[in-house]
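> The structure is given below, and queries will be raised subsequently.
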Amino acid sequence: MKQKLTLYLAAPRGFCAGVDRAIKIVEMAIEKWGAPVYVRHEIVHNKYVVDGLRTKGAIFVENLDECPTDRPVIFSAHGVPKSVPAKATARNMIYVDATCPLVSKVHIEAERHHQTGLQMVMIGHAGHPETIGTMGQLPDGEVLLVETPEDVAKLTPRDGAKLAYITQTTLSVDDTTEIVKALNARYPNIIGPHKEDICYATTNRQEAVKAVAPKIDALLVIGAPNSSNSRRLVEVGSNAGCEYAQLVQRARDIDWRAMDGVKSVGITAGASAPEVLINEVIDAFKTRYDVTTEIVETAVENIEFKVPRVLRQAG
């Protein structure tokens, strides 16, 4: 007889509007221009999604130099430094920018502050493509990066009275709050975003994990190891009291020995993880346990972003 187990499904989970739009852009570009279509950097951080688009005719590269000039190129949802579209234009390339509109909002914000003479502080992860893209909107030295509250103490701005801050859209809401506190304490005049930079999807998925945490013995986050928002969900789960919080890419990555004696498991997924992988994990539990599923919903998302006009026009 199978052991009883309750699966608590966090909602919202999985794909967000920006990811949906980015994938659609690649598919529509292949439809419009035929294969191959080049994509600079993984369109979203998920191997399953990237492999699926590869079979349809997308070629993923890290640099524009790897793209021929006679094929279209798409910029990933994470955003790119200004130098990238400038280079594509100089090479007479057709390009489509799949940057998430909420990341573009942060770019516009940085630009606006720069024009009023403010130096920017960016709260983000060094080396993450979104951070590189956002910092690359302004000239070198105009954006100072901080990753922790401790980094704030080491900042050496041009003028402490002329600062504004922006954040990567996929950070932990709680960690960012601590860094913002440190910034406000050291630079009382620092200007914050007009509206929270951390995107609605990141915030909603973290809130849902916090709501699930008290009910469960273990938390599984479906997502890629290079997905910032997925890794933050694991941290949020741990901080909310989940003794076992693990990131898995697919059902085959589940450590079943760790599930021994577990009576309730929380399941969520990062914003770039498709529903098919979530269902695969649920099915894997159903083959081993007598499963009851419960949904823990903390928000309803009905946001949709339009694809660029060039793809809405007939070929």
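The values are calculated or read from the model by the stated rules, or taken from the named source; none is laboratory data. What you see is a predicted model, and the numbers here were worked out from it, not measured in a lab. No Cβ is skipped: glycine too gets one built from the backbone with ideal geometry, and neighbour counts run over all protein chains shown.
Residues checked against (1) without any contact (Cβ under 8 Å) to a residue 12 or more places away in the chain; (2) more than 23 Å from residue 311 (Cα to Cα); (3) in the same structural domain as residue 166 (by TED's automatic domain parsing):
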residue	(1), (2), (3)
60	no, no, no
65	yes, yes, no
71	no, no, no
74	no, no, no
77	no, no, no
85	no, no, no
96	no, no, no
112	yes, yes, yes
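> Hey, can you tell me all the residues within region 126-144 that are under 20 Å from residue 100 (Cβ atoms) and surrounded by 16 or more Cβ atoms within 10 Å (Cβ to Cβ)?
Result: 128, 129, 130, 131, 132, 133, 134, 135, 136, 137, 138, 143.
> Check 270, 266, 261 and return the single one that is at positive phi, out of contact with any Pro (no Cβ under 7 Å at 6 or more places or on another chain) and not basic (Lys, Arg). Working first, answer last.
Details: 270 fails: at positive phi; 266 fails: at positive phi.
Sole residue among the options that is at positive phi, out of contact with any Pro (no Cβ under 7 Å at 6 or more places or on another chain) and not basic (Lys, Arg): 261.
> When region 117-137 is examined, which residues are found to be small (Gly, Ala, Ser), under 23 Å from residue 63 (Cβ atoms) and part of a loop (DSSP other than H, G, I, E, B)? Lay out the reasoning, then the answer.
First, pick out the residues of region 117-137 that are small (Gly, Ala, Ser): 117, 124, 126-127, 133, 136.
With under 23 Å from residue 63 (Cβ atoms) added as a condition, the list becomes 124, 126-127, 133, 136.
Passing the criteria: 124, 126, 127, 136.
> Restricting attention to strands (runs of 3 or more DSSP E) lying wholly within region 208-315, give those where 1 or more residues are modelled with pLDDT of 95 or more, surrounded by 13 or more Cβ atoms within 10 Å (Cβ to Cβ) and among the hydroxyl-bearing types (Ser, Thr, Tyr). Let's see the steps before the verdict.
Values: elements: 218-222, 244-248, 264-269, 290-297.
Fully inside region 208-315 and qualifying: 244-248, 264-269, 290-297.
> Listed residues 151, 175, 140; which is assigned to a helix (DSSP H, G or I) and over 15 Å from residue 228 (Cα atoms)?
Values: 175 fails: over 15 Å from residue 228 (Cα atoms); 140 fails: assigned to a helix (DSSP H, G or I).
Unique residue meeting the criteria: 151.
> Among the candidates 130, 142, single out the residue that is acidic (Asp, Glu) and under 19 Å from the mean Cα position of the chain (by Cα).
Numbers: 142 fails: under 19 Å from the mean Cα position of the chain (by Cα).
Sole residue among the options that is acidic (Asp, Glu) and under 19 Å from the mean Cα position of the chain (by Cα): 130.
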